[in-house]
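K.L.:
Okay, handing you the structure first.
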């Protein structure tokens, strides 16, 4: 019988996406308690890109396989697996290793795939929606009637924040770089749109709120966006620092003081590692909303696993609207 093999994207040197290679490996026997999942799809996240470039806070030893999340079918179990069984459709939660045709993991890294999702949606769900949920509920404790400004609203985590903010009862202002992205954000629940190239977003926020400003700012961009956001906040505002794809911004402490504002860092994965109970409420709420078809990833591109560099470039060049998925035969 031929030996079982699998394919994986490998980072052997730090650098741009084009340095990644698809390689073939022998499948290894499972240790007791491990689960083998045949991966059907993997999600592209900015931390994957940063990790492969050596610019992320987590720096795995070389060589390694990128990929924080994937989805597929349980095909083999060794020993007890905490209720997981062969044939289960699952979401796989990782720090890296998801860009492969199979993964070997612990049962605790698996979650049931919502029945309303295909594999690509499952592989692009928890990182973005989990981050948005943690930011809005655990960190900002957003309240119905508050004004939420979402930057990068055409991106995966931005669109998730738009959806969840609207469900939480907020008045959502989506800020994005194109009319197409704003149109999708409005379909997902945004009440208002601010096009970066049309007018300064801080002016748009003041106009929309009658000069009051935003109560919560969801910022996965950073840089100048973070700095200008401090000029359009209401008293007691919470600014959520979700990422820094546009560079590291500087806090204007005089504005933070005058507005009685808070700047809150958001690391959903690290929060769960430090306080595992947080994951239970988050996943239960997100799964309920997914099963009710109230939330779902917007996947603008689905590419084969070997096109990983092209898929990453879609995020880097801001050509994706929502999420990008790698598909595995």
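None of the figures in this text is laboratory data; all of them are computed from the coordinates on show. These figures come from a predicted structure and were not determined experimentally. As a convention, Cβ positions derive from the backbone with ideal geometry for all residues, glycine included, and neighbour counts pool all protein chains shown.
K.L.:
More than 18 angstrom separation, counting every C-alpha pair in region 113-178; what % is that? Could you put the intermediate results ahead of the total?
P.N.:
Values: 801 of 2145 pairs.
Percentage above 18 Å: 37.
K.L.:
Here is a follow-up. Which percentage, to the nearest 5, of the DSSP beta bridges contained in the chain is antiparallel? Before the final figure, lay out each step's value.
P.N.:
Numbers: 30 of 56 bridges.
Antiparallel: roughly 55 percent of the beta bridges in the chain.
K.L.:
In percent, what relative contact order does region 146-251 have, based on Cα pairs under 8 Å that are 6 or more apart in sequence? Walk me through the numbers before you get to the answer.
P.N.:
Working: 232 pairs, mean separation 27.1, N = 106.
RCO, region 146-251: 26 percent.
K.L.:
Here is a follow-up. Relative contact order (percent) for the chain, with alpha-carbon contacts under 8 angstrom and 6 or more residues of separation?
P.N.:
Details: 756 pairs, mean separation 56.7, N = 329.
Dividing the mean separation by the residue count of the chain yields 17 percent.
K.L.:
How compact is region 1-128 by the rule of thumb for globular proteins, expressed as Cα Rg over 2.2 N^0.38 Å? Spell out each step's value before the answer.
P.N.:
Numbers: Rg = 14.5 Å, N = 128, 2.2 N^0.38 = 13.9 Å.
Normalised Rg, Cα atoms only: 1.04.
K.L.:
Whole Å is fine, so just give me how far the alpha carbon centre of region 206-256 lies from that of region 97-166.
P.N.:
Region 206-256 and region 97-166 have Cα centres spaced 22 Å from each other.
K.L.:
I want to verify the translational diffusion coefficient of region 127-269 in µm²/s; compute it with Stokes-Einstein, Rh as the Kirkwood radius over Cα pairs, at 4 °C and 1.567 mPa s.
P.N.:
Working: Rh = 14.3 Å.
Translational diffusion coefficient: 90 µm²/s.
K.L.:
With N set to the number of residues, divide the alpha-carbon radius of gyration of the chain by 2.2 N^0.38 Å and report two decimals. Write out the running numbers ahead of the final one.
P.N.:
Working: Rg = 20.1 Å, N = 329, 2.2 N^0.38 = 19.9 Å.
Its radius of gyration relative to the 2.2 N^0.38 Å reference: 1.01.
K.L.:
Quick check: the angle from helix 156-167's long axis to the longest principal axis of the chain, C-alpha only, nearest 10 degrees?
P.N.:
60
K.L.:
Give me the Å³ per residue figure for the convex hull around the C-alpha atoms of region 262-326. Don't jump to the answer; show the numbers that get you there.
P.N.:
Values: hull volume 10.4 nm³, N = 65.
Taking only Cα atoms, region 262-326 has a hull volume of 160 Å³ per residue.
K.L.:
Please sort 64-74, 95-105 by packing, taking for each peptide the average over its residues of neighbouring beta carbons within 10 angstrom, highest first.
P.N.:
Working: 64-74: 24.5, 95-105: 22.2.
Order by mean packing, descending: 64-74, 95-105.
K.L.:
Mind ordering 125-134, 8-17 by average Cβ neighbours within 10 Å, highest first?
P.N.:
125-134, 8-17
K.L.:
Next question. What ranking do 168-175, 186-193 get when scored by the average of other Cβ atoms within 10 Å per residue, highest first? List each step's numbers first, then the result.
P.N.:
Numbers: 168-175: 24.5, 186-193: 19.1.
Ranked from most to least packed, the peptides come out as 168-175, 186-193.
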